[in-house]
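The values are calculated or read from the model by the stated rules, or taken from the named source; none is laboratory data. Keep in mind that this is a model prediction, so the values were computed, not measured. Heads up, the Cβs are rebuilt from the backbone with ideal geometry, glycines too, and the neighbour counts pull from every protein chain shown. Just the protein is used for accessible areas: all its heavy atoms, side chains included, with ligands, DNA and RNA removed. Shrake-Rupley method; radii C 1.70, N 1.55, O 1.52, S 1.80 Å.
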Amino acid sequence: MISSDVIRGYNDTMILFLLLHGDSYGYEISKNIKEMTSEKYIMKETTLYSAFSRLEKNGYISSYSGDETNGKRRTYYKLTNEGLIYYKEKCQEWQITKEVVDKFIKEM
Amino acid sequence: METIKSYLDNMFANMPKTPALIKLKEDLLSSMEDKYNEMKYHGKSENEAIGIVISEFGNIDELIREMNIEVPSPMQPTVPVITKEEAERMIHDKKFFGNLIALGVFLCITAPAIFVLGTTLTGFQIGEDRAATLFLFPLFLMIAIAVGLFIFSGIQLEQYKYLEKPFTLDYSLTEIIRKKKAANLPYFTLKIVAGVVLCILSPLTLISLTVFIDDNDFYGAVGVFLLLVMVATAVTLFINAGTTMDCYKQLLQEGDYTPERKEDKLVGAVASIVWPLTTAGYLLWSFLTGDWHITWIVWPIMGILFGAFSAVVSIVRGDQN
């Protein structure tokens, strides 16, 4: 398990990445993150929904109510154009971050 | 699943009920339910599944910060959380002191029963006035003990006054209490039914003794004695059933609660006024007129009226379930 402090700045990036492939809802996104990272990173429920709230406030995603399945309506999230631009920025930022931090990482 | 729901309820207990937060809570619940169902589907046990879902919930403060929710600060009094130990102590005390009140009412009703029976039995030998004077002592003693019990129980139950204000139950406690309440329901119903049957049958013992056997003072007194003991038993059952059911309902904060609490004290309060007054009225009437052979009629009439009153209180309370 990764400490949530380290990864905090990139929770948004992960969510935006998953929304690149199409609209999705809370549980599906958290399940995909868990599976893609082979359970090395499990995003907490509160982290996920804080991110949704923040991303939506900034206009990077929008939400809508899905069709009823098994008697409940899920909230779906959709990537916006601003979100796509923001995602690209975050990808560039990570490249630089990685380069910088890598300078100080030594195989021991 | 209930556990997850009550966990979330607990987490959101202190938050304002804005549409955005209600929506957020629904989304979280749906997400947690999905996770729970999938875990169960993959063969995890109920406890494991709930454990994982709750451990992966995270920290509610994160959401509070992100959403700029105005939560009452720790400086302001927040809603108290009732723990399992507190709830168990409260249930125990409410039942115990409720039973003391019931015992007090029982004493109040049986005191005149003993008085009437005693004076009639000894009245043949030592005369009615002397018998009455002699049996005043146990009569007053029993009523004094009863009033003492009412006051003592009332003071002891004061400590649970804070439950009249809003509170939240410790996580998973709601379910435990709900189960206890459901388990208690058959006993509650049984006690009320038994009490009502006793109330209905009670005048019959007096009538059958005096009408079918012999209409003299002796059978009259025995009849009154049995009638009052039956009414006393019935009222005791009503109070016992009522207080037990009430403490579950109070903990679950079910229905509109304050009126119920008032009823809780109602029977005891009315009893502590009605019975001393009845005693005073009875003695005044008896000593002024000397008609000891008829004045006892006060007791069965008051007994039945009081029994009917308690029954109405219990049934009204039962209906709100």
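Say we join alpha carbon atoms closer than 10 Å with springs in a Gaussian network model of chain B; which of B:A102, B:A131, B:A146 then has the biggest fluctuation?
B:A131
With every protein chain left in place, what is the accessible area per residue of the protein assembly as shown in square angstrom, probe 1.4 Å?
53
In nm², what is the average projected area of the convex hull enclosing the Cα atoms of the range B:59-199?
Approximately 13.3 nm², given one-decimal rounding.
So how far apart, in nm, are the two label points at B:L204 and B:E48 if each is 7 Å from Cα heading toward Cβ?
Between B:L204 and B:E48, the simple spin-label model gives 6.0 nm.
In debye, nearest 20: dipole of the protein assembly as shown around its Cα centre with unit charges on the Cβ of K, R (+) and D, E (-)?
The calculated dipole for the protein assembly as shown is roughly 320 debye.
When the dipole is taken about the Cα centre of chain A, and only Lys, Arg (+1) and Asp, Glu (-1) are charged at their Cβ, what size is it in debye, to the nearest 20?
I would put it at about 160 debye.
What residue among B:I22, B:N37, B:S6 has its Cα farthest toward the positive end of the dipole of the range B:1-41, where the charges are +1 on Lys, Arg and -1 on Asp, Glu, each on the Cβ?
B:I22
Build a GNM of chain B with springs between Cα atoms under 10 Å: which of B:L103, B:L63, B:L252 gets the top mean-square fluctuation?
Evaluated over chain B, the most mobile residue of the options is B:L63.
Just how large is the dipole of the range B:146-227 about the Cα centre, in debye to the nearest 20, putting +1 at every Lys and Arg Cβ and -1 at every Asp and Glu Cβ?
620
How much mean residue ellipticity at 222 nm does chain B get from its helices, if each DSSP H run of length 4 or more adds -39500 (n - 2.57) and you divide by all residues, to the nearest 500 deg cm²/dmol?
-28000 deg cm²/dmol
Which translational diffusion coefficient, to the nearest whole µm²/s, is obtained for the range B:133-283 from the Stokes-Einstein equation, given a Kirkwood hydrodynamic radius over C-alpha pairs, 20 °C and 1.002 mPa s?
So the translational diffusion coefficient is about 117 µm²/s.
Under the definition of partner shielding as Cβ atoms of other protein chains within 10 Å of a residue Cβ, what is the mean value for peptide B:49-56?
Mean inter-chain Cβ contacts per residue within 10 Å come to 2.
Please compute, over every Cα-Cα pair in the range B:2-66, the percentage with a separation greater than 21 angstrom.
Taking all Cα-Cα pairs of the range B:2-66, the fraction more than 21 Å apart is 24 percent.
Can you list the GluC sites (Glu not before Pro) in the range A:16-50 that are in a DSSP coil and have 16 or fewer other beta carbons within 10 angstrom?
Taking the range A:16-50 and a limit of 16 other Cβ atoms within 10 Å, the loop GluC sites (Glu not before Pro) found are A:E39.
Report, as a whole number in µm² per second, the diffusion coefficient that Stokes-Einstein gives for chain B at 25 °C and 0.890 mPa s using the Kirkwood radius over alpha carbon pairs.
The diffusion coefficient I find is 106 µm²/s.
Roughly speaking, what is the stretch gain from B:T189 to B:S172, that is 0.36 nm per residue apart minus the C-alpha to C-alpha distance, in nm to one decimal?
Roughly 3.4 nm would be gained on extension.
Translational diffusion coefficient of the range B:5-110 at 37 °C, 0.692 mPa s, Stokes-Einstein with Kirkwood Rh over Cα pairs, in µm²/s as a whole number.
Value of D from the Cα-based Kirkwood radius: 187 µm²/s.
Of the residues B:L141, B:L29, B:L288, which exhibits the maximal mean-square fluctuation in a Gaussian network model of chain B defined by a 10 Å Cα contact cut-off?
The residue that fluctuates most here is B:L288.
Relative to 2.2 N^0.38 Å, what does the C-alpha radius of gyration of the range B:186-258 come to as a ratio? Two decimals please.
1.52
Checking a compactness column here: for the range A:4-102, what do you get for Rg(Cα) / (2.2 N^0.38 Å), N being the number of residues?
The range A:4-102 yields a ratio of 1.11.
Over the protein assembly as shown, with a single point scatterer placed on each C-alpha, what log10 of the ratio I(q)/I(0) does the Debye formula yield at q = 0.06, 0.13 1/Å?
-0.46, -1.10
I'd like the distance separating the alpha-carbon centroids of the range B:1-62 and the range A:24-50, in whole Å.
Centre-to-centre distance over Cα atoms comes out at 14 Å.
Taking a ≥ b ≥ c as the square roots of the Cα gyration tensor eigenvalues, with a/c under 1.5 meaning rounded and otherwise prolate when a/b beats b/c, else oblate, which class fits the range B:136-205?
oblate
Could you sort B:R130, A:R73 by their accessible area in this structure, using a 1.4 Å probe and putting the largest first?
B:R130, A:R73
Relative to 2.2 N^0.38 Å, what does the C-alpha radius of gyration of the range B:267-321 come to as a ratio? Two decimals please.
Compactness ratio reported: 1.43.
Using R₀ = 35 Å, calculate the FRET efficiency as 1/(1 + (r/R₀)^6) where r is the Cβ-Cβ separation of A:K34 and A:E89; round to 0.05.
The value I calculate is 0.85.
Per DSSP H run of n ≥ 4, the term is -39500 (n - 2.57); total these for chain A, divide by its residue number, and report the mean residue ellipticity at 222 nm rounded to 500 deg cm²/dmol.
-17000 deg cm²/dmol
Restricting the count to DSSP beta bridges whose residues both fall in the protein assembly as shown, what percent are antiparallel, rounded to a multiple of 5?
Counting only bridges with both partners in the protein assembly as shown, antiparallel ones make up about 80 percent.
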